[in-house]
1. How big is the Cα convex hull of the range 28-180 in projection, averaged over all directions, in nm²?
2. Which angle between 0 and 90 degrees, to the nearest 10, do you get for helix 203-221 versus the longest principal axis of the chain when only C-alpha atoms count?
3. When the Debye formula is applied to the Cα atoms of the range 234-280, each taken as the same point scatterer, what base-10 log of I(q)/I(0) results at q = 0.17 Å⁻¹?
4. By how many nm would the segment from HIS185 to SER135 grow when fully extended, if each residue of separation counts as 0.36 nm and the alpha-carbon distance is taken off?
5. Which whole-number percentage describes the relative contact order of the chain, with Cα contacts under 8 Å and a sequence gap of 6 or more?
6. Which of these, THR130, THR143, THR76, has the largest mean-square fluctuation under a Gaussian network model of the chain (Cα springs below 10 Å)?
7. Obtain the nm distance between the two label points defined at ASN162 and VAL269 by a simple spin-label model: each point lies 7 Å from its Cα along the Cα-to-C-beta direction.
8. Quick check: pseudo-label points 7 Å beyond the Cα along Cα→Cβ at GLU38 and LEU96, how many nm apart are they?
Amino acid sequence: MFKDTTAYFHGRTAILATKHGKEQVIAPALAALGIQVEVAAAIDTDQFGTFSRDRPRCGTQEEAAEAKANLVLSETGADLAIASEGSFGPHPQCPLVPGDRELVLLVDRLHDLKLWGEVISLDTNFSHATIRSLSDALTFAKTVGFPSHGLIAMVSSDPIPNTPIFKGIKTVEELEAAIAALHPHSPDGRLHLETDMRAHMNPTRMGVIASATAELVKAMQQGCPQCGLPGFVATETIPGRPCALCGAPTSQTKAVRYRCQRCAHVLSVPTQEPLADPSQCYFCNP
Ligand SMILES: [Zn+2]
Ligand SMILES: [Zn+2]
């Protein structure tokens, strides 16, 4: 049902601003579309905020990704840029569990296109702890995949001006040294330890970025059946799949609606399974 989008992307170069090795997962995925990814390591995307909160993020996650991509385009003069942005916190469907929402954005100035890949994953080690000693720290570290996953140590979760922040801690020796250096700054002997969520310090997060990139690639490959523009993606789900027993509409998805960003072409595609299980029915299973 989708038009082929090869002509939009094949043979082009996309610039990715990252200091955290995200090209490891983004470059191979885009190579499949004939796009070569170049890393603009000199562009400081930390100015848009860091996870360790020494620089807070301005605006929403979407705005931060767009700001990064636009900076890359204006600094390099390129016409294709990729930006990735993550955020961690309560999962929207299960607020007691931390989730990782990853966005990967493609901005194409040549075709005036903006495409997103998004994944919300429960697979994250995002966590923090208050500690007093190296032994407390090691107990926490064990639960969050250390040392394959890095840690950040600071005096308190609200960064105190003029106190050090130790990022990218990947060995017991580094952890011990950080704790020793921070203790004199702590009035009550307590310190704050958290997972380092930067991609190169966190293989679990890198995996979620790979999944979000796969979603982006999917969007790039879905050309509008009418005008051919890439990004013909599902924008809405329509509930009301009929109950298999009594035929009454249920809250289950009946169809998925695709919409073109440019020509406004809309297509509703029914779900593979036409009928809902009676256990989902308000009448058969009240
Ligand atoms: Zn269209
Ligand atoms: Zn029913």
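1. Average of the hull's projected areas for the range 28-180 equals 11.4 nm².
2. Around 30 degrees separate the two axes.
3. Normalising to I(0) and taking log10 leaves -0.50.
4. 16.1 nm
5. Averaging sequence separation for qualifying contacts and normalising by length gives 16 percent for the chain.
6. Between THR130, THR143, THR76, it is THR143 that shows the largest mean-square fluctuation.
7. Each label point is offset 7 Å from its Cα along the Cβ direction, giving 6.0 nm.
8. The two pseudo-label positions are separated by 5.1 nm.
The numbers here are math on the coordinates, done by the rules we state, and not lab data. Only a predicted model underlies this, so the values are computations on that prediction, with no experimental measurement involved. With ideal geometry, Cβ positions are generated from the backbone for all residues, glycine too; neighbour counts draw on all protein chains shown.
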